[in-house]
Amino acid sequence: MDSKPTPLIAGNWKMHCSLSEAKALVDGLKAGVAGLKDRQVLVGPPFTALETVARTIAGSAILLAGQDLHWEPKGAFTGAVSAPMLRDVGCTHVIIGHSERRQFFGETDETVNKKIAAAQTAGLVPIVCVGETLEQREKNQTMTVIEQQLRRGLLGQKGDAIAALVIAYEPVWAIGTGKVATPEQAQEVHATIRRILGELGAKEAAAACRILYGGSVKPDNIDELMRQTDIDGALVGGASLQVESFVRIAKFIV
Ligand code: PGA
């Protein structure tokens, strides 16, 4: 029997938080999620706050992620940050291919593919984001788009590596809009993602891989989302910026 992977509740802070705001937020989270069992909690602050947050969460179970990385370990790439640098500051995870990176910064499935490999080489767990736009959903292209993003982004990834990945399904139309996918809509795509992962790796690897839902996750919709068979956690934007809402999301009840 396949057992469900440990749920992961991840906060994507995007371009928010001064150092003092970051410290206050993570101090509150530390207290709020202390002792929570059977789930993992992660925060993804902007690069400038990583060190402050790393120091603040030391000794707690909260995990730390960068929001992006460059695929080269070092070099003349002004403005970029590498996987070894993220490791050095205390990250365990890195978000890759977020739709905002795809939309505003030229991220493609090919750069996603290179970034995944770079993260793995440095010992970081990639959180790979996929998702369709509203136009693509309305044209009934959701599954084709997701399949293409996965097959191209994960090219060369095999069994064990796939098991260790985190995939985040984030329908672009649900991000920051307050329009959450229904649990059924999300479940349908998550099941498809797991099937594709099974074809790329093995069925066991696909079962072990965590598939998060992202897009307007809030305290009042998390429980229902987490009840779905193939939803193993959440990638939370706006609601991760307030202690109370993120703690409630981390304390989801199924
Ligand atoms: P949101 O963002 O929760 O604010 O919709 C989610 C994300 O972009 O990861």
Point to revise | Debye intensity ratio I(q)/I(0), log10, the stretch 80-133, q values 0.26, 0.30 Å⁻¹ (C-alpha model) | key: -1.02, -1.21
Practice item. Could you name the aspartates and glutamates whose alpha carbon sits less than 12 Å from that of K179, not counting residues in the same chain fewer than 8 places away? Key: E170
Review point. What is the fewest-to-most order of L212, L235 by other Cβ atoms lying within 10 Å of their Cβ?
Key: L212, L235
Revision key, fill the gap. Surrounding charge for A239, neighbours by C-beta under 9 angstrom, Lys/Arg +1, Asp/Glu -1, total +2
Practice item. Mind checking which lysines have their Cα closer than 24 Å to the Cα of K158? Skip sequence neighbours fewer than 8 apart in that chain. Key: K4, K114, K115, K203
**Study point:** Most positive-pole-ward Cα, A24, L212, G59, against dipole of the chain from beta carbon charges
**Key:** G59
Study note, to complete from the structure: Listed with the fewest Cβ neighbours within 10 Å leading, L155, L50, L63, L69 appear as L155, L63, L50, L69
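Out of the DSSP beta bridges found with both residues in the chain, what percent are antiparallel (nearest 5)?
If I count the DSSP bridges inside the chain, around 0 percent turn out antiparallel.
Quick check: net charge around A119, other residues with Cβ under 12 Å of its Cβ, Lys/Arg +1 and Asp/Glu -1? Don't skip to the answer; put the middle values down first.
Numbers: positive: R87, K114, K115; negative: D68.
Result for the local shell: +2.
Can you give the helix-only mean residue ellipticity at 222 nm for the chain, where every DSSP H stretch with n ≥ 4 adds -39500 (n - 2.57) and the sum goes over all residues, rounded to the nearest 500 deg cm²/dmol? Spell out each step's value before the answer.
On the way: 12 runs with 109 residues, N = 254.
The per-residue figure over the chain is -12000 deg cm²/dmol.
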**Study point:** Formal net charge of residues neighbouring E72 (Cβ-Cβ distance under 12 Å; K, R +1; D, E -1)
**Key:** +3
Study note, to complete from the structure: the chain -> Rg/Rh from Cα coords, Kirkwood Rh, value 0.93
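Nearest 20 debye, what's the magnitude of the dipole of the chain about its Cα centre given +1 on Lys and Arg Cβ and -1 on Asp and Glu Cβ? Don't jump to the answer; show the numbers that get you there.
Values: 27 positive and 28 negative charges, 77 e Å.
For this selection, approximately 360 debye.
What is the order of Y213, Y169, fewest Cβ neighbours within 10 Å to most? Display every interim value, and only then the final one.
Details: Y213 32, Y169 25.
By the 10 Å Cβ count, ascending, the order reads Y169, Y213.
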Check your understanding: List the aspartates and glutamates whose alpha-carbon lies under 12 Å from that of K218, not counting same-chain residues fewer than 8 positions away?
Key -> E244
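None of the figures in this text is laboratory data; all of them are computed from the coordinates on show. Model, not experiment: these values are computed from the prediction. Note that each Cβ is placed from the backbone with ideal geometry, even for glycine, and that neighbours are counted across all protein chains shown.
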